[in-house]
1. Grab the beta carbon distance between Ile97 and Leu122, set R0 = 45 Å, and tell me the FRET efficiency rounded to 0.05.
2. Could you give the accessible area per residue of the stretch 61-117, probe 1.4 Å, as a whole number in Å²?
3. Quickly work out the His70-to-Gln145 label distance, labels modelled 7 Å from Cα along the C-beta direction, and quote it in nm with one decimal.
4. Between Gln83 and Gln56, how high is the FRET efficiency from 1/(1 + (r/R0)^6) when r is the Cβ-Cβ distance and R₀ = 35 Å? Nearest 0.05.
5. Please list, in order, the residues from the stretch 127-153 whose amide nitrogen is less than 15 Å from a point placed 7 Å along the Cα→Cβ vector of Ile173.
6. Two decimals is fine: what's Rg over Rh for the stretch 196-240, C-alpha atoms, Kirkwood radius as Rh?
7. Using a simple spin-label model with points 7 Å from Cα along the Cα→Cβ vector, what separation in nm is obtained for Glu231 and Val137?
8. Which loop GluC sites (Glu not before Pro) in the stretch 103-184, with loop taken from DSSP, have no more than 15 other Cβ atoms within 10 angstrom of their Cβ?
Amino acid sequence: MKLIPLVGALKRGEISSARSSPPPAPAALPELSELKSLASSPEQVGARQQADALLQQARAEAEQIRQQAHQQGYREGYQAGEQEAYARFEAAYQEQIAQLREEVNAFLCQLQAQFDEYLRLLEAQMLELTLQIARKVIRDEMRQQPEHVLAVIRDTLRRVQGFGKVRVRVNPIDLELARQHKPMLLTVVDTVEGLEIVEDRRVDQGGCLIETPQGIYDARISTQLDEIERELREALPEAG
């Protein structure tokens, strides 16, 4: 609407004429059907669809952001829980390993002690068995080779010191053989005044007892084996 300057209008008398002219008729309101047709026009429908699409997209993006945040928090929480569980597992594992190592060490110590005890008993049993075998072998050897008694008597006479008569005691089985070789035995010691060979059942076959004014020389086989056994037992760990 064009505005008319007030002063100019008064001079020209336009105000009065304007008042006297009838007012314009009011514009008619559109019908409801016209409003519906306007609302259902292609332009309005397209704008509404576009708005709905934008709204749905905004909602989808918001839901995606929410899910991503939820998943991120879940992953972080899962990783933290996983690390904590691994730390607890590692601590429990190390504790079990340490306990197992202690049990293994204790078992090995106990096993070593049992083995040492078994070995000690086994050594004693083996020694006894060896001595029994040795006694049997020597007895069999003396029966098969009776002349060994001459070597025993001769070696013992070499240890005799001093003067006087000497008496040699032998097993009855060795008596005849020893007397037959008396001259040979006398040549071993020049200092003796006489050599007497007698039987003595206390002397086992192959051995002898030699009596002199200075003392007795025990060369019995059983005595020698006893001495060997004593020395062997003393050599064993924790003997006795």
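1. On the way: r = 36 Å, r/R0 = 0.79.
Using R0 = 45 Å, I get an efficiency of 0.80.
2. Values: 5210 Å² over 57 residues.
So the stretch 61-117 comes to 91 Å² accessible per residue, rounded to a whole number.
3. 10.4 nm
4. Working: r = 40 Å, r/R0 = 1.15.
That gives a FRET efficiency of 0.30.
5. 135-150
6. Working: Rg = 14.1 Å, Rh = 12.3 Å.
Rg divided by Rh gives 1.15.
7. Modelled inter-label distance: 1.6 nm.
8. Details: sites: Glu103, Glu117, Glu123, Glu128, Glu141, Glu147, Glu176; in loops: Glu147.
Listed in order of number, the matching sites are Glu147.
The values are calculated or read from the model by the stated rules, or taken from the named source; none is laboratory data. Computed from a predicted structure; not experimentally measured. Reconstructed Cβ throughout: ideal geometry from the backbone, glycine too, with neighbour counts over all protein chains shown. Calculation scope for accessible area: heavy atoms of the full protein, side chains included, ligands and nucleic acids excluded. Shrake-Rupley method; radii C 1.70, N 1.55, O 1.52, S 1.80 Å.
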